[in-house]
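Sharing a structure with you now.
The values are calculated or read from the model by the stated rules, or taken from the named source; none is laboratory data. In this text the structure is predicted, and so the values were computed from the model without any measurement. Cβ: placed from backbone, ideal geometry, glycine included. Neighbour counts: every protein chain shown.
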Amino acid sequence: MADETMTDEQILEGVEHKSFVATSDRTAASLSASGVAAEDVARAAAQAAYDKKGEDVQVLDLTELSDVCDYFVLATGTNNRQVDSIVDEIEEKVAEACGEHPFSIEGREQKTWMLMDYGSVVVHVFTPEARDFYRLEKLWGDAPQLPLDLL
């Protein structure tokens, strides 16, 4: 039987890589690639979700709890179509306000939980059923919420 051990190069062949800078300086880590503060991106996303009639819009501050991202933005749409509309609105308004575009948008097929990855900010837009099922607010219960003045 031949040895089936793969080299690192073989394992990584064809895998898409995204780079990031690991840093212990949370201020530096809280800036986007274009230098926009992550909090500004999170607030713009929250406002856009609210403007599109998103419900229970929250921003969780994960800066002291996670090395993956600094903020979660959570919002609920009443149905799949509204979830999709909220995501489109966030994409447009964050680009206008901050010049930022998501690295990826996941969940376009089912539209029950859509995730927008802005690097230091991750936006989650759910149907009510999906939000109740995943309960990210409970999972990240130690995360403080940013106070929002949504207009």
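So the check is Cβ under 8 Å with 6+ separation or different chains; which pairs have a first residue in segment 60-72 that's without any contact (Cβ under 8 Å) to a residue 60 or more places away in the chain and a second one that's among the aromatic types (F, W, Y)?
Close Cβ pairs satisfying both conditions: T63/Y71.
Being β-branched (V, I, T), surrounded by 19 or more Cβ atoms within 10 Å (Cβ to Cβ) and more than 16 Å from E39 (Cβ to Cβ) is the filter here; which residues of segment 65-94 pass it? Let's see the steps before the verdict.
So the first thing to find is which residues in segment 65-94 are β-branched (V, I, T), and the list is 68, 73, 76, 78, 83, 86-87, 90, 94.
Narrowing further to those that are surrounded by 19 or more Cβ atoms within 10 Å (Cβ to Cβ): 73, 76, 83, 86-87, 90, 94.
Matches in segment 65-94: T76, V83, I86, V87.
Can you go through A97, A143 and tell me which one is free of Cβ contacts under 8 Å to residues at least 60 places away in the same chain, over 25 Å from N80 (Cβ atoms), in contact with a helix residue (DSSP H, G or I) (Cβ under 9 Å, 6 or more places away or on another chain) and surrounded by 15 or more Cβ atoms within 10 Å (Cβ to Cβ)?
Working: A143 fails: free of Cβ contacts under 8 Å to residues at least 60 places away in the same chain.
It is A97.
Given V73, V41, V57, which one is touching a Phe, Trp or Tyr at 6+ places or on another chain (Cβ under 6 Å), part of a strand (DSSP E or B) and modelled with pLDDT of 95 or more?
Values: V73 fails: touching a Phe, Trp or Tyr at 6+ places or on another chain (Cβ under 6 Å); V41 fails: part of a strand (DSSP E or B).
V57 is the lone residue from the list that is touching a Phe, Trp or Tyr at 6+ places or on another chain (Cβ under 6 Å), part of a strand (DSSP E or B) and modelled with pLDDT of 95 or more.
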